[in-house]
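Student: Can you keep this structure in mind? I'll have questions shortly.
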Amino acid sequence: MTWTFTSDLAAFLGAALPAVAAQPVSNTILLTTADTLERRGPHAYGAADPLFGWWTGTNGTVAGGLLCTPPYPVLVGSLPPEAVRALAVCLATEPLLAGISGFNARRPDAQTLAGAWERPSRVAEENRLYRLAALRAPDPAPEGRPRLAAAADLPLLLEWIEAFNAETGQPGSPSEDALRDRISYGGVLLWEHAGTPVSLASFSRPIGSASRIGPVYTPPAVRGRGYAAGVTHAASTAAYAAGASEVLLFTDLANPTSNGIYLRLGYTPVEDRTEVVRA
């Protein structure tokens, strides 16, 4: 049983992708991030080189993986317990893990890793993964209608996602290239009221049959009017139309409003994840 670490994306995809893709719901962020790196290059998320790892069990079969795109924390996929315990040891012994800013893992796994990490740390965020069971329309329906975002909307999209990142504490800046890519497959929707955009929702390319909604953002001045529910419903419908059979999203457990919205739309909880970072 062993962990293998590398900065070679091709090696990671060849060794770990089948095991990671076999669990497309739990591994949704890992899969979409790896897909972005494969299509847009190793520095799609920043100038630093990414890090990859995979766990090989006693039978010689790879059973899970992780990746890191600095400055973001390590994304830890769905792993067997023995792999998590071994990864906790690697935090102190593996040179490629020495400079990590933290990790994002399923809650029990994050607790195990935090207990072994020889760094002062804190919980930055706790998120709940939801999957769509049966889509329901917002009731009452918000005023307005959805439309696909276009290249002409890029300045607004960059402004809103910058605001979303600042509000949620996400590192880095929004990428125009990433937004153009999402627009190219119809992956960004705007909700308009009286001809003015008032909310946005985006969804990832379907990978392994799963697509993930996010980000969803409504400017503070027009919140509380149902626009986020309307545009999320529209984005969920569009994700199915794009080929997804599983539509997913994450919510911050500290935000009861968004959790309530998604439950009313037909999303059901799957698992909780915790992000632990340097204190």
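Student: Can you find a residue that is within 29 Å of Glu246 (Cα to Cα), in contact with a helix residue (DSSP H, G or I) (Cβ under 8 Å, 6 or more places away or on another chain) and either open to solvent by 30 Å² or more (accessible area, probe 1.4 Å) or aliphatic (A, V, I, L, M) (or both) anywhere in the stretch 92-105?
Tutor: Looking through the stretch 92-105, at least one residue is within 29 Å of Glu246 (Cα to Cα), in contact with a helix residue (DSSP H, G or I) (Cβ under 8 Å, 6 or more places away or on another chain) and either open to solvent by 30 Å² or more (accessible area, probe 1.4 Å) or aliphatic (A, V, I, L, M) (or both).
Student: Let me ask something else about it. Would you check if there is a residue in the stretch 159-175 being of a type in the set (Ser, Thr, Tyr), under 19 Å from Gly230 (Cβ atoms) and open to solvent by less than 80 Å² (accessible area, probe 1.4 Å)?
Tutor: No, the stretch 159-175 has no match at all.
Student: Looking at (1) part of a loop (DSSP other than H, G, I, E, B); (2) hydrophobic (A, V, I, L, M, F, W, C); (3) surrounded by 14 or more Cβ atoms within 10 Å (Cβ to Cβ), which one does Leu154 not meet, given that it meets all the others?
Tutor: (1)
Student: Further question on the same structure: Can you go through Leu79, Leu75, Leu67, Leu51 and tell me which one is closer than 18 Å to Leu97 by Cβ and in contact with a Lys or Arg (Cβ under 9 Å, 6 or more places away or on another chain)?
Tutor: Among Leu79, Leu75, Leu67, Leu51, only Leu79 is closer than 18 Å to Leu97 by Cβ and in contact with a Lys or Arg (Cβ under 9 Å, 6 or more places away or on another chain).
Student: Out of curiosity, is Val231 in contact (Cβ under 8 Å) with a residue 60 or more places away in the chain and closer than 14 Å to Pro142 by Cα?
Tutor: yes
Student: With the checklist (1) farther than 19 Å from Thr36 by Cβ; (2) open to solvent by less than 50 Å² (accessible area, probe 1.4 Å); (3) touching a Ser or Thr at 6+ places or on another chain (Cβ under 8 Å) in hand, flag the one item His233 doesn't pass.
Tutor: Looking at each condition in turn, His233 falls short on (3).
Student: Provide a single number: the residues in the stretch 140-198 that are of a type in the set (Gly, Ala, Ser), at pLDDT 95 or above and within 23 Å of Arg39 (Cα to Cα).
Tutor: The qualifying residues number 6.
Student: What are the pairs with Cβ atoms under 7 angstrom where one residue, in the stretch 184-209, is open to solvent by less than 20 Å² (accessible area, probe 1.4 Å) and the other, located anywhere, is part of a strand (DSSP E or B) and acidic (Asp, Glu)? Sequence gap at least six, or different chains.
Tutor: Val198/Glu192
Student: I need the strands (runs of 3 or more DSSP E) fully contained in the stretch 9-81, keeping only those with at least 2 residues that are surrounded by 19 or more Cβ atoms within 10 Å (Cβ to Cβ) and at positive phi.
Tutor: none
Student: How many residues are within 16 Å of Ala114 (Cβ to Cβ) and touching a residue at least 40 places away in the same chain (Cβ under 8 Å) when one looks only at the stretch 59-75?
Tutor: So the count comes out to 2.
Student: Let me ask another. What is the number of the single condition among (1) touching a residue at least 12 places away in the same chain (Cβ under 8 Å); (2) open to solvent by 50 Å² or more (accessible area, probe 1.4 Å) that Pro256 does not meet?
Tutor: Failed condition: (1).
Student: So, one more: How many residues, within the stretch 246-274, are aromatic (Phe, Trp, Tyr) and in contact with a Gly (Cβ under 9 Å, 6 or more places away or on another chain)?
Tutor: Total meeting the criteria: 1.
Student: What number of residues within the stretch 94-122 are without any contact (Cβ under 8 Å) to a residue 60 or more places away in the chain, part of a loop (DSSP other than H, G, I, E, B) and of a type in the set (Asp, Glu)?
Tutor: 1
Student: Which one is surrounded by the most Cβ atoms within 10 Å (Cβ to Cβ) among residues in the stretch 123-135 that are of a type outside the set (A, V, I, L, M) and either without any contact (Cβ under 8 Å) to a residue 60 or more places away in the chain or more than 18 Å from Phe203 (Cα to Cα) (or both)?
Tutor: Ranking the candidates gives Glu125 first.
Student: Only one of these conditions is not met by Ala141: (1) of a type in the set (A, V, I, L, M); (2) within 23 Å of Ala242 (Cβ to Cβ); (3) part of a loop (DSSP other than H, G, I, E, B); (4) out of contact with any strand residue (DSSP E or B) (no Cβ under 9 Å at 6 or more places or on another chain). Which number is it?
Tutor: Of everything listed in (1) of a type in the set (A, V, I, L, M); (2) within 23 Å of Ala242 (Cβ to Cβ); (3) part of a loop (DSSP other than H, G, I, E, B); (4) out of contact with any strand residue (DSSP E or B) (no Cβ under 9 Å at 6 or more places or on another chain), Ala141 misses just condition (2).
The values are calculated or read from the model by the stated rules, or taken from the named source; none is laboratory data. Here the structure is a predicted model, which means the values were calculated and not measured. Methodologically, a virtual Cβ is constructed for each residue, glycine included, from the backbone with ideal geometry; neighbour enumeration extends over all protein chains shown. Keep in mind that these areas ignore ligands, DNA and RNA; they rest on the heavy atoms of the full protein, side chains included. Shrake-Rupley method; radii C 1.70, N 1.55, O 1.52, S 1.80 Å.
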